[in-house]
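See structure below.
The values are calculated or read from the model by the stated rules, or taken from the named source; none is laboratory data. The shown structure was predicted, so the numbers you read here are calculated from the model rather than taken from an experiment. Quick reminder, even Gly has a Cβ in these numbers, built from the backbone with ideal geometry, and neighbours come from all protein chains shown.
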Amino acid sequence: MRITTPRWTPGNGADRAVALEVLIHGPLSRSEVARRLDLSSASLTRLANPLLESGLLVEAGEQADGRVGRPQQLLDIVPESRRFIGMKLMADEVLGVTTDLRANVKATETRRLTATDPEAVVAAIAELAKSLARGTPDITAIGIGVGGLIEAHGVVRSAPFLKWSDVSLGQMVEAATGIPTIIENDLVAFTEYEHWFGAGRGLDRFAVVTLGAGIGYGLVIHDEIVRNDDYGIGLIGHWPLDPFGPVCSEGHRGCAKAILTDSAITQSVSQALGKPLTYKTALNLAASGEPAARRIVDDAGRGLGRLLAAIANLTMPQTVVLGGEGVRLAAVASEAVDAGLRADRDPRTAALPLTIRSGENIEWCRGAAVVAIQTFVLGHRSDEP
């Protein structure tokens with residue numbers, strides 16, 4: 001059975017544009033909505049009134065604009081009117097959150113994976129979804145972020161961390177839960193959150209870089225993510241940073257994967273100190289001034305700075321968001337990151353604005369919820385052509 005997500009608005013044109021503008025940027029005054037969409041006051045009234053009558057938009061108080069006359073009436077949506085689930089699928093567990101229509105997290109839970117075959121994973125996802133849905137309004141849709149190549153209709157073409165190839169995860173989860181399910185590359189999902197509700201909201205160009213088991217890169221230009229069929233391979237991980245650096249698993253010397261991943265840093269510090277360490281411990285040692293750890297972490301920090309400089313030089317983003325479970329590197333090696341940036345940037349360039357996220361896995365889940373929200377409000381599935 002084909003499960004479809006109902007459309008958010010009755011139309012596909014200017015009325016939906018009004019609703020989307022209020023969803024993403026609201027609450028907004030009527031005059032501000034009209035200005036943003038280049039509408040006359042009469043046109044906005046004509047479009048907004050049916051949305052108000054249907055309950056999709058609500059009047060949310062007044063705002064004084066400093067001019068003579070009555071205060072402006074604000075338009076808003078009702079975030080609590082819908083609930084979505086966002087999940088991050090990892091090698092040993094699945095983490096899930098429930099959110100409202102603006103991706104504000106309301107609850108979070110995890111389930112350990114006792115096995116990684118598709119049937120066992122789907123069973124864990126279904127159990128988690130049932131638990132998250134308990135005591136809340138009906139769940140409108142589920143979004144699941146997966147590290148790997150995702151094809152149309154929620155097919156996981158390749159997910160190396162699960163040793164999966166060509167798994168119809170979307171259909172399997174829909175059959176198990178009865179809830180519309182969208183499968184998306186986890187970096188795309190993370191980037192979409194920043195695009196709609198995060199640091200990239202309202203910007204023409206911004207980039208996302210994630211650090212952790214791999215190196216991720218997302219770019220939004222003119223309100224669209226730049227992507228192709230190779231998105232999900234981790235192409236930025238092959239970007240050269242140090243011709244004398246370590247060699248990655250694909251044989252590239254000094255690439256981002258060989259220098260910036262948490263495993264690369266952990267291995268280098270462990271070898272230097274002659275004992276096995278965790279990534280957290282390696283960074284703690286560097287922060288405390290242990291010489292070998294400090295040198296290795298600073299080398300990685302300079303590499304990160306050079307990677308950011310390349311992104312800035314090539315794409316000229318208005319901001320770069322740094323996230324992922326390994327993002328603490330940017331704080332511990334902040335001076336080295338700045339040095340790497342300066343080394344590869346023209347001294348006349350403006351400083352590159354950076355937004356550094358916490359690195360918690362809940363951020364990936366919130367991104368997965370956003371792709372579910374987008375499917376609902378835009379009226380088409382993001383995992384389909």
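Computed quantities for the displayed model
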quantity: Residue match in the stretch 293-312 (condition: more than 17 Å from GLU335 (Cβ to Cβ) and in contact with a Phe, Trp or Tyr (Cβ under 9 Å, 6 or more places away or on another chain)); calculated: yes
quantity: Leading residue by the ranking (modelled with the highest pLDDT) among those in the stretch 6-26 that are outside any helix (DSSP H, G or I) and surrounded by fewer than 18 Cβ atoms within 10 Å (Cβ to Cβ); calculated: GLY13
quantity: Test for VAL122: is it farther than 21 Å from HIS25 by Cβ and either out of contact with any Pro (no Cβ under 7 Å at 6 or more places or on another chain) or surrounded by fewer than 14 Cβ atoms within 10 Å (Cβ to Cβ) (or both); calculated: yes
quantity: Criterion violated by TYR193 - all others in (1) in a helix (DSSP H, G or I); (2) more than 16 Å from the chain's Cα centre (by Cα); (3) hydroxyl-bearing (Ser, Thr, Tyr) satisfied; calculated: (2)
quantity: Of the criteria (1) outside any helix (DSSP H, G or I); (2) surrounded by 22 or more Cβ atoms within 10 Å (Cβ to Cβ); (3) outside the structural domain of ILE144 (by TED's automatic domain parsing); (4) not charged (D, E, K, R), which one ILE183 fails; calculated: (3)
quantity: Residues that are crowded, with 16+ Cβ neighbours inside 10 Å and acidic (Asp, Glu), drawn from the stretch 134-179; calculated: GLU151, GLU174
quantity: Condition broken by ILE311, with the remaining ones in (1) touching a strand residue (DSSP E or B) at 6+ places or on another chain (Cβ under 7 Å); (2) surrounded by fewer than 24 Cβ atoms within 10 Å (Cβ to Cβ); (3) among the aliphatic types (A, V, I, L, M); (4) not in a helix (DSSP H, G or I) satisfied; calculated: (4)
quantity: Filter result for GLY216 (in the same structural domain as ALA310 (by TED's automatic domain parsing) and in contact (Cβ under 8 Å) with a residue 24 or more places away in the chain); calculated: yes
quantity: Of all residues in the stretch 323-352 being among the hydrophobic types (A, V, I, L, M, F, W, C) and farther than 22 Å from GLY218 by Cα, the one that is farthest from the chain's Cα centre (by Cα); calculated: ALA343
quantity: So LEU219, is it within 19 Å of ARG366 (Cα to Cα) and either in contact with a strand residue (DSSP E or B) (Cβ under 9 Å, 6 or more places away or on another chain) or at pLDDT below 95 (or both); calculated: yes
quantity: Odd one out for MET316 among (1) of a type outside the set (Phe, Trp, Tyr); (2) over 24 Å from the mean Cα position of the chain (by Cα); (3) closer than 29 Å to PHE197 by Cβ; calculated: (2)
quantity: Odd one out for ILE144 among (1) among the aliphatic types (A, V, I, L, M); (2) part of a helix (DSSP H, G or I); (3) more than 26 Å from ALA264 (Cα to Cα); (4) in contact with a helix residue (DSSP H, G or I) (Cβ under 6 Å, 6 or more places away or on another chain); calculated: (2)
quantity: Pairs with Cβ under 8 Å, 6+ apart, first in the stretch 291-306 and in contact (Cβ under 8 Å) with a residue 24 or more places away in the chain and in the same structural domain as GLY274 (by TED's automatic domain parsing), second among the basic types (Lys, Arg) and assigned to a helix (DSSP H, G or I); calculated: GLY305/ARG342
quantity: Top-ranked residue of the stretch 220-258 - restricted to ones that are surrounded by 18 or more Cβ atoms within 10 Å (Cβ to Cβ), of a type in the set (A, V, I, L, M) and touching a residue at least 40 places away in the same chain (Cβ under 8 Å), ranked as farthest from VAL155 (Cα to Cα); calculated: LEU241
